[in-house]
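Written out below as structure tokens is the structure these notes cover.
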Amino acid sequence: MTRNADMEQVAGDFYAENFAKDASEGSLILNLGPQHPSTHGVLRVLVELDGEYVLRAEPVIGYLHRMHEKMAEVKTAAQYIPNMGRVDYGHAIAWNWAFVGAVERLAGIEVPPRAEYVRVITCELNRIASHLLWWGAYLLDLGAFTPIMYAFDDREKILDILQSPTGARLTFSYFRIGGVARDLDEDCVKAIREFIPWMRSRLPMYKEFVSDNIILRRRIEGVGVFEPDLCRRYGATGPVSRGSGLAYDVRRDEPYSVYPKLDFVVPTSDLMDARGRYDVRMEEMAQSLNIIESCLDQMPEGDTLVKGAPKPSWKVPKGETYFAVEGGRGKIGVHLVSDGGKNMYRVKLRSPSYSNLSLFAEASRGTLLADAVAILGSLDLIIPEIDR
Amino acid sequence: MNAIKQAFRTVSDLWSLMVGLRVTGKYFVEPQRTVRYPWKAVSTVGTFKGHLELVGGTKDPFKPRCISCGMCAISCPSGCITVVKRKPPKPTPEEEKAVAEAKTRGEKVKDQTPKDPEKFLYDFSLCSLCGTCMENCPTGSLRFSHNVYVAGYSRNDFQYDLVLQLREAEAQAKPARREARPAAESEA
Amino acid sequence: MPTELIRILISLVAFAAAVGLIALVMVWVERKVCGHIQRRPGPYEVGPWGLLQPLADALKLMGKQLVMPDQADPFLYWLAPILVFVPVLLLYLPLPVGDGLYALDINLGVLLIIAFAGFTGLSMILGGWAQNNKYALLGAARTVSQSVAYEIPMLLSVLAVCFVSGSLNMAAVVKEQGTWPWNWNVMTQPLAFVIYIVSALGETNRAPFDLPEAESELTAGYHTEYSGMGFGMFFLAEYANMIVVASVATVLFLGGWQGPVLPGPLWFLLKVSLLVLLFVFFRWTYPRVRFDQLLNINWKWLMPLAVANLALTAFFVKVAQYAFVK
């Protein structure tokens, strides 16, 4: 069979055909995904291989597009909150916050102080859960099976805690315009207080079991080097840019809620490789625990929902605003435009995974296939967030 | 010289492999975390949001508090609730006469139709469990059940009539009540 | 020699049954140990402690439709799973399980095993090539360089032991070693033992060297398209091969059936199980190495060490010969 005949037979759809046009002689075009163990969902990556080396890679997205932005135009603000839990199943509460915060900024709604603390606590717990999910899944990409079980053991504790105020375990729709749906009760606060030392005792185990492991270190050190310039050009945020030494964190640089009152460090790494991103995320878990602890100490009593909180029929006042929060993967932004009508006029969701993914094509060039998988995993992609 | 140093470091790094074996070895002998599901259930079901259910009144726990106002249906983001109001019962000739007389006297006629819904149709397959209906209910007649064991063979299996569910609960509870009463009497 | 032939035939049948059984038990052990490491119970529903789970899985695999992808090479496609399993039976022939308890008393027993072990790699290449699947092709390509590379240090480390024992006959090697652990070859040849274990992992495609079937990169590697028992054969052969390399390690390094108090075959089984348990622990503890690292480990570390070990051994054996025999 000639090479061209092979191409025609295999390269079926538009993307593959387009990609195959620039293929060099003797290379192999491989379709990673949409169903592939290391793409964590339905991301599709077209790679051109020379032996084991990746010559080119091109992500193809859109397999999980659910029209979240369009749905905002047919719903009122309060009705749109459940959508936010579904954009990013890893860190759903941050998305809740980004949207609710945008509406509050536009309407000038003041959130009760206790609600602010409850928001921070749940958001940070969810961030730890998100990083644990990434940690387990990333090591699965690198061929270690057991860490995900240990990570889920801890993640399960967080989900049990979050289940008590939110009632859900993954796709939370917990925030309301002007507060949160339910207060944290006594038992829940107690469970969080018990969880903090437990998680602190687990992190050293993660370090000695996995982070120090020589095979893992050789797999991720020096792999997928992102220069700070590259991160800036593609708009990478979150642990991906912090792993390249850019100390940008929305919680500190564009402060919202009670974050200015809290004492925490924004971890960065100058390694710029997968190891740097790994270290940043591991350190962020420890920092989130500190944030939660000081929140529990500072948390005042009081309401968790503002008096006269907007009803579903409430109309967002006319205007335009942008609100950003720091999610587990980076900067989550909501650009909200309202013409004062029943439904919102336009909601633009800025998802960090989308910007972070765009680094992949450039960074994976010339690496081994196994390294490309390691780079893809180190971006911590959540596919539904990319497509929205 | 550098190469030799590097070689030695590689060998000493191999110790981390032993540490890894120690960790897995430790967990190998520790008790398991799994809850063997069909035989045992997790303890956190009590805080889980299951499907919606109607809350009964204080007098009769099996008569819904709902006043069929339809706020839930309006506020639901996914439109999964339909409240069917009761039709007024056909009046007897005497009643009709009384109403006509009252009208001629210029009095206001009170609508005698019961306010609880005829049907409360709820499509669980569309519900996103956000709780908006619950929060906007003026009488507090909706709540989430803790039923996590919902399963069905087709989409139609998830279309509930919550009023019917309440009645089924009543039918289940009735025999228990009947049994409980003689016992209580004999004690007295 | 009709008696010899009958003996071989009987033991082949016995081994065919035993290999199937051992492989099934191995699957159970692997899943159970993995479960406990990960704080899960592992299989527990079918039979006592889930012992019958692998049997149920095997039955399920047999009941599945055998699917062949479009434009695959049918002959090679079906040959590969058979070819992967048949030589495994031959590998058990020269293994002495107890004193005098072996199928084939052959002078070149070690050589026979090493030679037939190459068949596994061959069938993986055939299977990977025949599937008309790019992942399988990459897996097959990995198999070629991996099994070729790891056979050499394995052979060299085995050779060092044979120098010490002065024989390639497996029973003779065992008899050379004493009853107690300090009499075993592992004491005189610790480096060869380590090299053997590492290259055995590479040779049998066990994690952390399971590159040909690295599921996060190549979905399932060389057996991507196989379904039903086609896959089942590859799966069982992997476990049967694991037993073989563990048995060879036991014979060459750990004194075979020799041991105090307990009867010989029991000691043999005990040592093999311990080694297998170690392999299982490796798999569930470590991440997978990268392909270039895999080859680097082999060519830059194992090869020079094995050669040095062999040269040293040869030197000392010769010195001992002159010093003591003269």
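Where a number appears in this text, it was derived from the coordinates with a stated rule and is not lab data. Every value quoted in this text rests on a predicted model; they were computed, and no experiment measured them. We place every Cβ from the backbone using ideal geometry, glycine too, and count neighbours over all the protein chains shown.
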Arrange the following residues from fewest to most other Cβ atoms within 10 Å of their Cβ: C:64, B:49.
-> C:64, B:49
Only Lys, Arg, Asp and Glu count, each charged at its Cβ (+1, +1, -1, -1), so figure out the dipole size of segment C:2-325 about its Cα centre, rounded to 20 debye.
-> 580
Summarise the long-distance tail of P(r) for the protein assembly as shown by giving the % of C-alpha pairs beyond 46 Å.
-> 40
Per the rule of 0.36 nm per residue minus the C-alpha distance, extending residue A:105 to residue A:23 adds in nm 24.5 nm
For peptide B:13-22, how many partner chain Cβ atoms fall within 10 Å of a residue's Cβ, on average?
-> 6
Kirkwood Rh, segment B:7-56, all Cα pairs: how many Å?
-> 15.9
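Distances longer than 17 Å among the Cα atoms of segment C:55-107: what percent of all pairs is that? Kindly include the intermediate steps, with their values, before the conclusion.
Working: 865 of 1378 pairs.
Summing the P(r) of segment C:55-107 above 17 Å gives 63 percent of all pairs.
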If you take the Cα Rg of segment A:261-353 and divide it by 2.2 N^0.38 Å, with N the number of residues, what do you get?
-> 1.51
Taking neighbour counts of Cβ atoms within 10 Å as a proxy for exposure, in what order, fewest first, do A:183, A:270, A:371 appear?
-> A:270, A:183, A:371
Under the 7 Å Cα-to-Cβ spin-label approximation, residue C:62 and residue A:265 lie apart by a distance in nanometres of 6.2
Amide H contacts under 5 Å for residue A:44, restricted to residues at least 5 apart in sequence or on another chain and with H modeled in the peptide plane, are A:60
Counting only backbone N atoms under 16 Å from a point 7 Å out along Cα-to-Cβ of residue A:361, the residues of segment A:211-230 in range are A:230
Please list the non-local residues whose amide H lies under 5 Å from the amide H of residue A:350, H modeled 1.01 Å from N, same-chain partners needing a gap of 5 or more.
-> A:333, A:334, A:335
Gain in span if fully extended, residue C:148 to residue C:71, counting 0.36 nm per residue against the direct Cα distance | 24.9 nm
Simple spin-label estimate for residue A:320 and residue A:212 in nanometres, 7 Å along Cα-Cβ = 5.5
Could you tell me what % of all Cα pairs in chain C have separations over 36 Å?
-> 19
Here the relative contact order (percent) of chain C, from C-alpha pairs under 8 Å and at least 6 apart, is 23
Note down the nm distance, to one decimal, between modelled labels 7 Å out along Cα→Cβ at residue C:6 and at residue B:22.
-> 5.8
Rh_Kirkwood(chain B) over Cα pairs, Å, one decimal, evaluates to 22.7
Efficiency of FRET between residue B:146 and residue B:58 - r from beta-carbon atoms, R0 25 angstrom, step 0.05 = 0.75
Order of A:91, A:40 - criterion: other Cβ atoms within 10 Å of each residue's Cβ, fewest first | A:40, A:91
If every Lys and Arg gets +1 and every Asp and Glu gets -1 at its Cβ, then about the Cα centre segment A:291-334 yields a dipole, in debye to the nearest 20, of 480
Taking the Cα centre of the protein assembly as shown as origin, work out the dipole magnitude from +1 charges on Lys and Arg Cβ and -1 charges on Asp and Glu Cβ, in debye rounded to 20.
-> 1700
When only alpha-carbon atoms count, how far does segment A:1-122 stretch along each of its three principal axes, as whole angstroms with the largest first?
-> 70, 31, 20
Shielding of A:299-311 by partner chains, average beta-carbon count, 10 Å | 1
Short version: ³J(HN,Hα) in whole Hz for each residue of segment C:163-172, in order, from phi by Karplus 6.51 cos²θ - 1.76 cosθ + 1.60 (θ = phi - 60°), x for Gly and Pro, what are they?
-> 4, 5, 7, x, 7, 9, 7, 5, 4, 5
Between residue A:290 and residue A:348, Cβ-based FRET efficiency (R0 35 Å, step 0.05) works out to 0.60
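Over all residues in A:169-180, what is the mean tally of Cβ atoms on other chains that come within 10 Å of each residue's Cβ?
Whole-number average of other-chain Cβ neighbours for A:169-180 is 2.
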From phi via Karplus (6.51, -1.76, 1.60), per-residue ³J(HN,Hα) for segment A:307-324 in Hz, x at Gly/Pro = 5, x, 5, x, 7, x, 7, 5, 9, 6, x, 5, x, 9, 8, 9, 9, 10
For segment C:168-198 versus segment A:165-185, the gap between their alpha-carbon centres in whole angstrom | 64
Karplus ³J(HN,Hα) for segment C:239-244 (6.51 cos²θ - 1.76 cosθ + 1.60, θ = phi - 60°; Hz, whole; x = Gly/Pro) runs 6, 4, 5, 4, 4, 4
Mind pulling the angle between the C-alpha long axis of helix B:2-13 and the longest principal axis of chain B? Nearest 10 degrees, somewhere in 0 to 90.
-> 50
